Amino acid sequence: MRPLVDRDWFAPVVAPAAVGLLLVGVWEICCRHFHVPVYLFPAPSDIAGSLLKDWPDLLHALGSTLKITFAAFALATVLGVATAFLFIQSRWIEMSLLPYAVLLQVTPIVAVAPLIIILVKNTPVALTTCATVIALFPIISNTTIGLRSVDPGLLSYFRMNKVGRAQTLWRLRVPSALPFFMAGLRISSGLALIGAVVAEFVAGTGGRSAGLAYEILQSGFQLDIPRMFAALLLITVTGIALFGVMVGLDKVLLGHWHESAMKTER
């Protein structure tokens, strides 16, 4: 007999939502009971009111941040995949260039961003560059590992049949690397958003191109803490949405053939 509720999606959605509602309720009750000033720590109702009141400005700021995020994510994907394809051509190439890719990952973007913003006169390009630097390494690392994680038996079979390097790459290595590549995309999508926000904080850009980071800075200066939390909430929700899109894309591409995304019987 088929269950009334599909547990494959019901439990993962309802359980976190119930915990979230419980935490928000406790937050609201504590703020009202202890009379916490709004300028110190606003209640969820205050944040919701600010979100509704300032929605046009916050939505415009979100659009500016998303432009940088999507541009950085796309650029990181293209550069990351191209670099991974270059790495698997030769171990010498990988050993020579991998340390510099690691260097991009371990260098704090807060320390590098001011230099990038000074050198690159175009502010959107500078912000995109900063976000790309943050989002690049997971795609390089995961894709390279995936391209090398090929079944030895299949690789020997391809070599035995004298299949060329290009055909081996597209017919064997790329399908094997797809799950690793998708894992890299899930990580990099969130890092691109973080990079965009951090770059906006460092640049402090205002005007028509102001993003959510600028809204947070301005709200802090004006002690409009509910608006600050509302902007932070939009960043959080956007990050969750990006991760959800990547998970959905993973299911579409891998759900019918790879064990990491196939449904298992319980």
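The values are calculated or read from the model by the stated rules, or taken from the named source; none is laboratory data. As the structure is a computational prediction, the values presented were derived from the model and not from experiment. Ideal geometry is used to build each Cβ from the backbone, glycine not excepted, and the neighbour counts take in all protein chains shown. Accessible surface areas use protein heavy atoms only, side chains included; no ligands, DNA or RNA. Shrake-Rupley method; radii C 1.70, N 1.55, O 1.52, S 1.80 Å.
Okay, here's what the table says:
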{"read-out": "Thr236, sole failed condition from (1) within 16 Å of Leu59 (Cβ to Cβ); (2) surrounded by fewer than 18 Cβ atoms within 10 Å (Cβ to Cβ); (3) touching a helix residue (DSSP H, G or I) at 6+ places or on another chain (Cβ under 7 Å)", "value": "(3)"}
{"read-out": "Breaking point among (1) more than 19 Å from the chain's Cα centre (by Cα); (2) surrounded by 15 or more Cβ atoms within 10 Å (Cβ to Cβ); (3) of a type in the set (Lys, Arg), for Lys67", "value": "(1)"}
{"read-out": "Residue pairs meeting the criteria (Cβ under 9 Å; at least 6 apart or on separate chains; first closer than 13 Å to Gln89 by Cβ and charged (D, E, K, R), in region 152-169; second surrounded by 10 or more Cβ atoms within 10 Å (Cβ to Cβ) and modelled with pLDDT of 80 or more)", "value": "Arg165/Gln89"}
{"read-out": "Selection within region 12-39 - in contact with a helix residue (DSSP H, G or I) (Cβ under 7 Å, 6 or more places away or on another chain) and either of a type in the set (S, T, N, Q) or not in a loop (DSSP other than H, G, I, E, B) (or both)", "value": "Val24, Trp27, Glu28"}
{"read-out": "Qualifying residue in region 199-219 (condition: within 30 Å of Leu86 (Cβ to Cβ), open to solvent by less than 30 Å² (accessible area, probe 1.4 Å) and at pLDDT 85 or above)", "value": "yes"}
{"read-out": "Test result for Pro56, in a loop (DSSP other than H, G, I, E, B) and either out of contact with any helix residue (DSSP H, G or I) (no Cβ under 8 Å at 6 or more places or on another chain) or at pLDDT 90 or above (or both)", "value": "no"}
{"read-out": "Enumerated helices (runs of 4 or more DSSP H) restricted to region 94-194, each holding at least 3 residues that are of a type in the set (S, T, N, Q) and open to solvent by less than 30 Å² (accessible area, probe 1.4 Å)", "value": "123-148"}
{"read-out": "Any chance Gly244 is in a helix (DSSP H, G or I) and exposed (fewer than 14 other Cβ atoms within 10 Å of the Cβ)", "value": "yes"}
